[in-house]
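The values are calculated or read from the model by the stated rules, or taken from the named source; none is laboratory data. Owing to the predicted nature of the structure, the values given are computational and were not obtained by experimental measurement. Here the Cβ positions follow ideal geometry from the backbone for every residue, glycine too, while neighbour counts run over all protein chains shown. Side chains included, ligands, DNA and RNA excluded: accessible areas come from the protein's heavy atoms. Shrake-Rupley method; radii C 1.70, N 1.55, O 1.52, S 1.80 Å.
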Amino acid sequence: MVRDVGQPSQAPGRGASLGLPAEGPGSLAPFTRRVGGYLVDAVGAALVAWAFTAPEGPGNWSLLVFGLLTVVTLIVFGQTPGHRVFGMRLAHPTPGARLAPWRAVVRTGLLMLLVPALLVDADGRGLHDRLTGTAVVLDC
């Protein structure tokens, strides 16, 4: 039995509502890359915290280090170490502007709760990005 081949979707590409390209540099980063970047940042924060708490485990100190590392690197560089490793950066609502500290703090606080990052919209942006008007995009 041969099925009718449907017409290509007329829905706009991911990120079109934000004025972002569908693919390539500046397009929204896929979920797998964002998870990879998060894991690099989380493990890095745990290792830094463990360096100060050894021989005991880092416990909640790693969460504090993660928060500080994320906020500072987003404000200064526009990307975390995990973003850098996976070729991503944080897109700001105003091109060329530096990320406002309040956006970095709110975004990081919500990311540390983890659940808002898993509540995504049609473009795949997490609640923490929607509330701060940011998006994680491919850098290269």
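Remarks
- Condition check for ALA91: touching a helix residue (DSSP H, G or I) at 6+ places or on another chain (Cβ under 6 Å) and not polar (S, T, N, Q): no
- One residue stands out in the range 104-127 among those that are modelled with pLDDT of 90 or more and open to solvent by less than 40 Å² (accessible area, probe 1.4 Å): the one that is nearest to ARG33 (Cα to Cα), namely LEU111.
- Lone unmet requirement of (1) more than 18 Å from ARG130 (Cβ to Cβ); (2) at pLDDT 90 or above; (3) open to solvent by 40 Å² or more (accessible area, probe 1.4 Å); (4) not basic (Lys, Arg) for ALA97: (2)
- Pick from the range 128-140, criterion more than 14 Å from ARG34 (Cα to Cα) and open to solvent by 50 Å² or more (accessible area, probe 1.4 Å), ranking: modelled with the lowest pLDDT: CYS140
- When residues in the range 59-74 are screened for being in a helix (DSSP H, G or I) and open to solvent by 40 Å² or more (accessible area, probe 1.4 Å), 6 of them pass.
- HIS92 being surrounded by 16 or more Cβ atoms within 10 Å (Cβ to Cβ), at pLDDT below 95 and out of contact with any Pro (no Cβ under 6 Å at 6 or more places or on another chain): yes
- Candidates ARG89, ARG107 - the one that is of a type in the set (Lys, Arg), in a helix (DSSP H, G or I) and in contact with an Asp or Glu (Cβ under 8 Å, 6 or more places away or on another chain): ARG107
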